[in-house]
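The values are calculated or read from the model by the stated rules, or taken from the named source; none is laboratory data. Because the structure is predicted, anything quoted here is derived from the model rather than measured. Note that each Cβ is placed from the backbone with ideal geometry, even for glycine, and that neighbours are counted across all protein chains shown.
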């Protein structure tokens with residue numbers, strides 16, 4: 001079967017789903033594709049910052065997220081391996097909600113706006129064709145072809161080789177591993193707890209239903225001796241931070257909620273365009289400790305949507321879209337990415353666990369300013 005569409009968005013995560021809905025809301029025939037089946041658990045901090053909520057509101061998606069009964073979060077607590085702690089107030093109330101629930105809610109909202117959603121569908125090629133693109137895909141073993149004037153890549157950081165935006169994975173020994181699971185049996189304040197230990201960090205965030213999400217970013221080399229499964233990695237991390245070990249000792253992992261991703265490359269440069277525009281993690285990735293990954297994914301979609309709309313209306317050329325979107329991406333994310341990577345390095349320095357808590361006591365606003373440096377500026381989109 002073949003389709004002729006205005007737009008196709010490849011990847012049904014938070015950025016892709018939001019952009020597909022926005023294009024459909026503007027009257028464009030839009031298809032949203034993802035190779036995975038949903039609902040599914042993803043490696044994610046499952047934390048919607050105030051900035052994320054602002055952008056979801058602009059997309060008309062904050063209400064569906066709010067109906068999921070998220071947990072409310074007011075503070076972030078940094079807990080170092082030596083037991084020292086720093087507590088940082090958030091600039092507004094954040095939401096803790098699982099991607100299992102959130103992605104499904106966004107898909108429903110997109111379909112209600114007229115988006116044609118195809119999951120469990122693998123894109124095998126994207127090629128220029130006339131005034132648009134030809135997309136070959138496989139679904140349930142059947143080959144299909146989509147013709148679309150505009151195609152947007154929202155397929156995450158590790159897209160398949162041969163597709164636009166694919167990049168060398170680099171030195172696997174220097175890369176990171178991301179793991180997550182849900183726990184029950186942990187009493188949480190309205191706080192995200194971020195535990196540091198040699199070779200990584202782990203965040204604990206309350207989510208809907210009284211459950212807790214635990215997500216960790218780990219250096220591959222530092223955890224070579226850990227059991228090679230999600231719970232094995234988390235148990236190894238807990239042994240390196242006494243307070244984390246105590247926090248998890250009576251917690252019960254929720255069956256079926258484990259997920260992992262590798263490699264996680266935090267050094268790659270932003271990529272706004274590679275034959276087609278890149279949004280979300282396909283465009284850039286901020287270190288997870290900054291807690292604003294979903295906000296950045298949403299903002300990239302917010303920047304790209306009006307340009308896609310203008311292109312489809314014939315108001316700008318493809319070259320004009322590429323030029324303006326590239327300018328916006330680099331201008332918007334250069335500062336937060338620089339500070340995010342600096343903090344990623346800083347918290348990996350062993351002496352910091354001794355120096356930073358004392359510095360934070362002497363200058364209470366220091367930690368707040370460091371966090372603010374990684375945040376996107378509020379906009380009136």
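Key figures
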| quantity | calculated |
| --- | --- |
| Check on residue 117, assigned to a loop (DSSP other than H, G, I, E, B), in contact with a helix residue (DSSP H, G or I) (Cβ under 6 Å, 6 or more places away or on another chain) and modelled with pLDDT of 95 or more | no |
| Identity of the residue in region 291-320, farther than 20 Å from residue 54 by Cβ and in contact with a strand residue (DSSP E or B) (Cβ under 7 Å, 6 or more places away or on another chain), that ends up surrounded by the most Cβ atoms within 10 Å (Cβ to Cβ) | 308 |
| Any hit, region 321-328, residues being within 26 Å of residue 88 (Cβ to Cβ) and either touching a strand residue (DSSP E or B) at 6+ places or on another chain (Cβ under 7 Å) or part of a helix (DSSP H, G or I) (or both) | no |
| Yes/no for residue 40 being in a loop (DSSP other than H, G, I, E, B), at positive phi and either more than 15 Å from the chain's Cα centre (by Cα) or surrounded by fewer than 24 Cβ atoms within 10 Å (Cβ to Cβ) (or both) | no |
| Qualifying residues in region 254-269 (those that are modelled with pLDDT under 95 and in contact with a strand residue (DSSP E or B) (Cβ under 9 Å, 6 or more places away or on another chain)) - the one surrounded by the most Cβ atoms within 10 Å (Cβ to Cβ) | 264 |
| Residue count, region 309-320 (criterion: touching a helix residue (DSSP H, G or I) at 6+ places or on another chain (Cβ under 6 Å) and touching a residue at least 24 places away in the same chain (Cβ under 8 Å)) | 1 |
| Unmet criterion (only one of (1) touching a strand residue (DSSP E or B) at 6+ places or on another chain (Cβ under 7 Å); (2) surrounded by 19 or more Cβ atoms within 10 Å (Cβ to Cβ)) for residue 251 | (2) |
| Hits in region 321-378 (condition: modelled with pLDDT of 75 or more and out of contact with any helix residue (DSSP H, G or I) (no Cβ under 8 Å at 6 or more places or on another chain)) | 322, 323, 326, 327, 330, 331, 334, 337, 338, 341, 342 |
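Conditions (1) part of a loop (DSSP other than H, G, I, E, B); (2) over 28 Å from residue 78 (Cα atoms); (3) more than 22 Å from the chain's Cα centre (by Cα); (4) at pLDDT 90 or above, marked per residue:
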| position | (1), (2), (3), (4) |
| --- | --- |
| 143 | no, yes, yes, yes |
| 163 | yes, yes, no, no |
| 170 | yes, yes, no, no |
| 183 | no, no, no, yes |
| 194 | no, no, no, yes |
| 209 | no, no, no, yes |
